[in-house]
Every structure is written in C-alpha cells, then in structure tokens.
Amino acid sequence: MEIDYAKIGLKLGLEIHQQLKTQTKLFCNCRPELFKEVPEITFLRRLRPTQSELGQVDPAAFFEFQKGIKIRYEANRATSCLVEMDEEPPHPINMEAVEAVLTAALMMNAEPVDEVHIMRKTVIDGSNTTGFQRTCVISLGGWIQVGVKVVPIQHASLEEDAARKIGGAEKGKVISYRIDRLGIPLIEVATAPVINSPNEAQEVAFAIGRILRDTGKVMRGLGTIRQDLNVSIPKGALVEIKGVQELELISRVVEYEVQRQLNLVNLSNELKKRGMKAEYITEDFVDVTDVFKQTTCNVILRALKNSQRVKAVKLPKFKGLLKPELMPNFRLGTEMADRARFWGRVGGIFHTGELPAYGVTAEEVEALRKAVGASEEDAVVFVADVPENAADALKAVVKRSQEAISGVPAETRAANADGTTRYMRPRPGAARMYPETDIPPSLITSAFVDRIRSNLPERAEKKLERLMKKYNLNKKLAKQIVDSEYGVLFESIVNESGVTATTVAVFLTETLKALKRDGVQLEKVTEDQLIEIFRSVGSKEIAKEAVADVFIWLSKNVGKSLDDAVDGLGLKMFLRAELETLVDQVISANRQSVNRLGKNAFGKLMGIVMKEVRGKADPELVSKLLRERLK
C-alpha cells in the first residue's frame, strides 16, 4: 500500500527511554542489576485506582483495576530493598543519574531546569508496587540536527524503570513481577510532533540514540531501550504506541499504524454511507446457548461443559466489515477481540464475518441470526463464558463498534514483534500525574551545569575523525563504530586487550550483526565478558578465529565464565612444542609434495595444519613454524 505521508498530513513525536549506567538505583542504594536465581522474598498485592486532588480517576488506571488481578512480587536482597517494596520512603534522588541526563540534554542544546521536582505518574498494571512511577523533568527545549531538518526536543526527563513481568502470562488472576528492575534510572527524551514519515522517525530515533550512547552513561542490549511513538493523521486520531524495542522496527510500526488509521477512516465512511449512527448499536445481549446445544465447536463445547453461557449481540449494517484487513493479519474483528479480552476477561470472540468455521455450522449461524433478530446486512458477535464476563466482553464490542462509526479511537497500543500493534488501554488523562510528597525538590546550580558542560563527550563527527586517526581505521569501519551502540566499548576493548582496532571493529559491527541475523541473543553477553574475550586474544590464550564461537557459547550459557567456554568448546591453545610436533608430522606425511614443490607446498600444508588447530593456535605462529621447517 503506497502512501504519500506528506499528503495525508502525518505527524509523529518520539519518546526515547533508555536505562542509565549508574552505580545504584534512582531512589535507593540497591544494585541496578537483574537476578536469575530463585527469589528470596515474595509478597502479594492488589492495586486500586485513587482520586486525584481534583477528585478525578484516571481512565487508564481504572481500566487496569477492572481486570481484578492480584500481583505476586519476587525479590532478592542484593537488587531490592524496602523502597521497592513500598515499605520505606524513597531516598534522595541519585545525582549520578541526574548528571547523566544533564549530559545528554546539553548535547541536545537543551536548557536545564533550576529545580528538580519529582512527580508521581499513576501506573496500576502491577509493574510498580506503589501504583505510580516517579519521574522528573531535568531540561526543557533543545534541538538536534537530523540531515537538513532541525528537530525540537520538548524535554529530557529522569524516571524509574518498572518491575519486569515473569513469564508474561496470567495464571488465573495472579500475575508475577520481579522488582529487581524497579527503580533502575531511565532517561526519557521527547521530541516535538514534527516527524512526517516512517523513515524520518527511524532516523530521528537513531540520532537521539547515538547521542545517548556518546555520553557513555547508558546501558546497551535488548530491554534497556524502548521507543514510544505518538502517531496522528488529520482524519484519524492521536494514538500512543508503546514498547518498540528494535530501532529497525520503528518505520514499520509507523507504516502499519497509518495504514490502520486510513482503513478505519474508510470503514467509518462506509458505515455512514449505510446510514449508521452510534445510538443504533445497543447493549441488547441475547442468551443463545440453546442454539449451540448440539455444536461440534470445541471452544463452545468446553464452555458448556463448565456450565457457562453463550451470549450474542447484533451489530446493525456491519456485514462484511469485521473481516477485511486494517493492517497485516489484523482486522476490526481482531480489535473487538482485543477489547473483549481486556474488559471481559474472555479468551476471544466469534463473529459471523468468519463463520461457518471452527466447528460452527451454517445451520447454527442461521439459527443465531434468527435468535438475535439480525437481517442479512447485520453482523453478529457472540462469546462463550460465565455470564458476567460474556456481558462485559460484549459491552466492549458494542463500544468499539460505536467508535468505528466515528472513525479512529484515541488509545494506547502496544507494539508487536512484527510491527503490528494491539490494544493496550485507554489514553491517560490529566489526573494521571501529581506531585511526589516524599522527596523535596533538588537544586541544579549553575556551577553543577558548568562542570558538566565543560566535560561533554565529543560529538559523532569529531569522534569519526579521531577514530580514523588514532586507531588507523578506514572511514567505513570508523563510521560503523560511531553509528553503532559500541563506540565506548570499542575503545575499551582495544585499549585493554592490545588486539588490533580493525579486528575489534569488524567483530563489533559486522560479525555481531551476522550473529544476530542467525538468532544469537547478543544481549546475553555482557560488555565485561566481551572485554575479557578480547583480552584473552591479546594474551594469546585464545585465537581471534575463536571469538565468535566463544561469544555464541556464552550467549547460550548465561552465568558461565570464559574459562567454561574455552573448556566447553575444547579451545585450549596449543603450546609451541605441540605445534612444532604437529607441523613436523604434516610435513612428514606429505613428503612427496614437499620434495616436488619445495617452498610452494606451503599453502597446501598450511591448510592442513590450520584445519587441525583452527581456533586453538595463532595462525601467524603456525605460518612462522611451517616456513622455518620448509627451509
């Protein structure tokens, strides 16, 4: 689907969130690390929405409360304390984190605030034990240059990360979180809504990400960075898309969201052409259990065996509108099912646009239509569950159907791994944010700002020139390092290992990219482990040809050491005496070739020896020994 984004008036703003590399968490002295062991502490909570100072209840918070879920929290003593458990007030703000955000803000030409005021942002999905997330603005204004365009930066903020969901699946009405990640400092950078195309969104996100990496104060790897997108078109609505973790996915997410909104606008026009109005769709739910008494549909059969009921609702003039794609593998029927699952706690819905199928017969569809009084131009949606859940699910279907007549609903959506999105919750209201009363404001003095300003990291263009000059890198490799997330790590490895800069650069920019394409989870290997690998290469403990194999082994064996990898892969280096013996054996076994070719037999013999010792011997040493013997 070819879209002229300028013509349709796409406006897009970005919010970039990335974990900061600090010694402690934001409001306590716990280590900002994740633990993998069995938890030492567990406790159970249920969160409830509260009224703001104006007596308002945030709709997003109320939505989460409606699910009726209890939260089981897991912790250990090394990475969590009473602050994360909400049993002790937060400590003073981590000034190391404030300095990190200020560094990035000044690199984006922003103006620091005079005082840091902590705010509470209501979060009631269970990811914060308090029911809110602490956040504060560190700078306002600012701009960055992306190509020929100047992109305004609205603010740079500092906030605490949330707890991490374990397993990602609800068991009954209890969901589990680990609070080791809760409280890890995050920087949030928000742009103005001036981005006008999917590719431009990706370029801006990349530019901001590079500035953050240039500070040397952010963590790397999957899960440490998240991009949220605010997407709108004039005839659509402002939709917030949360949780895009892969930079390469941003343009596709924008493309699919614009495609979804345009198709919803067309769908709305079609409904209006059919004479539909929102008030024509009513919560007139009909119990149609008797229609399916003899059904062969397994989903309905299971429900009936559990004494559940089947309830249905008529959607007037919706025939043929629930099944067409809004974006790949995603339909209006899918959106209704998402709403039904969240609000009604059901597994899904059935609608006549996809029937007969799934064991539901044409005769049952006809009987269903008759039971709810549906004509040929109507659609019918039905749900099999306990009566309360079925009713709540159909209420959500009715609301989404009414919204379809108006056009595109403003809502918060979550990004999927394929670039599509799914319904997450309603858009938050103004009641979501209110002042934190447990932490006094912190001053940002001009002397503090001047000290940071005088020690700002170098800009990307200057870094490119320096890398080429200092490390004798060609321009292509130097640019790849500057554009990657490994700029600081590259210099650390080269300076600490003694391995040639080109070897390190090729591994970080090309080999790792290839490994990622092959499904290797790069984030499983820490920066310290990478430095240790190359340090071992520099000290001749392992061969540079073995680096990729060691990396892959460590990514699959989290928590294991480099020594474990060397043992597990059988990469213990050959001693010089062992190599000399092997070289002599190869020459002896190929005496005829040596006699016939003389020194020209080197290539053949080198291949034979390296086949035996690859990854376990330095090729330069093998070459030297072989040439000496051939003389």
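Is it fair to say Tyr423 is among the aromatic types (Phe, Trp, Tyr) and under 15 Å from Gly333 (Cα atoms)?
Considered against the rule, which asks whether it is among the aromatic types (Phe, Trp, Tyr) and under 15 Å from Gly333 (Cα atoms), Tyr423 comes out as yes.
Residue check: is Asp450 under 33 Å from the mean Cα position of the chain (by Cα) and either surrounded by fewer than 16 Cβ atoms within 10 Å (Cβ to Cβ) or over 22 Å from Gly344 (Cβ atoms) (or both)?
Here the answer is no, as Asp450 does not meet what is asked.
Quick check on my filter: what residues within segment 223-246 are part of a loop (DSSP other than H, G, I, E, B) and either of a type in the set (Phe, Trp, Tyr) or over 12 Å from Leu10 (Cα atoms) (or both)?
Restricting attention to segment 223-246, the residues satisfying the condition of being part of a loop (DSSP other than H, G, I, E, B) are 223-224, 233-238, 245-246.
If the condition is that a residue be part of a loop (DSSP other than H, G, I, E, B) and either of a type in the set (Phe, Trp, Tyr) or over 12 Å from Leu10 (Cα atoms) (or both), then Gly223, Thr224, Gln245, Glu246 are the ones that fit.
Residues that are at pLDDT below 90 and either surrounded by 20 or more Cβ atoms within 10 Å (Cβ to Cβ) or among the β-branched types (Val, Ile, Thr) (or both): list the helices (runs of 4 or more DSSP H) wholly contained in segment 494-552 that include at least 1 such residues.
Where helices (runs of 4 or more DSSP H) fall fully within segment 494-552 and carry at least 1 residues being at pLDDT below 90 and either surrounded by 20 or more Cβ atoms within 10 Å (Cβ to Cβ) or among the β-branched types (Val, Ile, Thr) (or both), they are 527-538.
Considering each of Leu301, Leu326, Leu315, Leu322 in turn, give the residue that is surrounded by fewer than 20 Cβ atoms within 10 Å (Cβ to Cβ) and assigned by TED's automatic domain parsing to the domain that holds Asn389.
Leu301
Restricting to segment 370-388, name every residue that is under 43 Å from the mean Cα position of the chain (by Cα) and without any contact (Cβ under 8 Å) to a residue 40 or more places away in the chain. Let's see the steps before the verdict.
Residues of segment 370-388 that are under 43 Å from the mean Cα position of the chain (by Cα), as a first pass: 377-388.
Within segment 370-388, Glu388 is the sole residue that qualifies.
Would you check if Val231 is more than 20 Å from the chain's Cα centre (by Cα) and either crowded, with 18+ Cβ neighbours inside 10 Å or of a type in the set (S, T, N, Q) (or both)?
When the stated conditions are applied, Val231 does not pass them.
Run Thr412 past the list (1) modelled with pLDDT of 95 or more; (2) outside any helix (DSSP H, G or I) and report the number of the one that doesn't hold.
Condition not satisfied by Thr412: (1).
Can you go through Glu485, Glu403 and tell me which one is more than 30 Å from Leu238 (Cα to Cα) and either of a type outside the set (Asp, Glu) or not assigned by TED's automatic domain parsing to the domain that holds His91 (or both)?
Glu485
Can you list the strands (runs of 3 or more DSSP E) lying wholly within segment 105-201 that have 3 or more residues being without any contact (Cβ under 8 Å) to a residue 60 or more places away in the chain? Don't jump to the end; show me each part of the working.
Values: elements: 119-122, 132-140, 143-146, 149-160, 174-178, 185-191.
Passing ranges, in order: 132-140, 149-160.
Assess whether Lys463 counts as being buried (at least 16 other Cβ atoms within 10 Å of the Cβ), farther than 30 Å from Leu238 by Cα and not assigned by TED's automatic domain parsing to the domain that holds Ser139. Reasoning before the result, please.
Working: buried (at least 16 other Cβ atoms within 10 Å of the Cβ): yes; farther than 30 Å from Leu238 by Cα: yes; not assigned by TED's automatic domain parsing to the domain that holds Ser139: yes.
So Lys463 passes the test.
Take segment 553-565 and flag every residue that is more than 24 Å from Thr502 (Cα to Cα) and either of a type in the set (Ser, Thr, Tyr) or assigned to a helix (DSSP H, G or I) (or both).
Within segment 553-565, Lys556, Ser561, Asp563, Asp564, Ala565 qualify.
Rundown of residues vs (1) of a type outside the set (S, T, N, Q); (2) more than 19 Å from Glu99 (Cα to Cα); (3) not assigned by TED's automatic domain parsing to the domain that holds Gln202, yes/no style:
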| site | (1), (2), (3) |
| --- | --- |
| His117 | yes, no, no |
| Ile124 | yes, yes, no |
| Thr129 | no, yes, no |
| Phe132 | yes, yes, no |
| Leu140 | yes, no, no |
| Val146 | yes, yes, no |
| Lys149 | yes, yes, no |
| Ala156 | yes, no, no |
| Glu160 | yes, no, no |
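Assess whether Ala601 counts as being outside the structural domain of Thr500 (by TED's automatic domain parsing) and modelled with pLDDT of 80 or more. Reasoning before the result, please.
Working: outside the structural domain of Thr500 (by TED's automatic domain parsing): yes; modelled with pLDDT of 80 or more: no.
It is false that Ala601 is outside the structural domain of Thr500 (by TED's automatic domain parsing) and modelled with pLDDT of 80 or more.
Restricting to segment 420-458, what's the tally of residues that are modelled with pLDDT of 90 or more and in a helix (DSSP H, G or I)?
Residues flagged as modelled with pLDDT of 90 or more and in a helix (DSSP H, G or I) within segment 420-458 amount to 8.
With respect to the numbered conditions (1) over 25 Å from Ile93 (Cβ atoms); (2) modelled with pLDDT of 90 or more, which one is the sole condition not fulfilled by Lys217?
(1)
Within 30 Å of Ile144 (Cβ to Cβ), buried (at least 17 other Cβ atoms within 10 Å of the Cβ) and either at pLDDT below 90 or not acidic (Asp, Glu) (or both), is that true of Val83?
no
Quick one: in segment 279-296, which of the residues that are surrounded by 19 or more Cβ atoms within 10 Å (Cβ to Cβ) and of a type in the set (Phe, Trp, Tyr) is farthest from Glu363 (Cα to Cα)?
Looking at the filtered set, the residue picked out is Phe285.
Only one of (1) more than 26 Å from Gln261 (Cβ to Cβ); (2) crowded, with 17+ Cβ neighbours inside 10 Å; (3) under 16 Å from the mean Cα position of the chain (by Cα) fails for Gly221. Which number is that?
The one condition Gly221 does not meet is (2).
Do we have any residue at all in segment 553-576 that's touching a Gly at 6+ places or on another chain (Cβ under 6 Å) and farther than 25 Å from Gly223 by Cα?
Yes; the residues of segment 553-576 include at least one that is touching a Gly at 6+ places or on another chain (Cβ under 6 Å) and farther than 25 Å from Gly223 by Cα.
When only residues in segment 245-269 that are under 16 Å from the mean Cα position of the chain (by Cα) and within 12 Å of Pro198 (Cβ to Cβ) count, which is surrounded by the fewest Cβ atoms within 10 Å (Cβ to Cβ)?
Glu248
The values are calculated or read from the model by the stated rules, or taken from the named source; none is laboratory data. Please read all numbers here as calculations on a predicted model, not as lab measurements. As a convention, Cβ positions derive from the backbone with ideal geometry for all residues, glycine included, and neighbour counts pool all protein chains shown.
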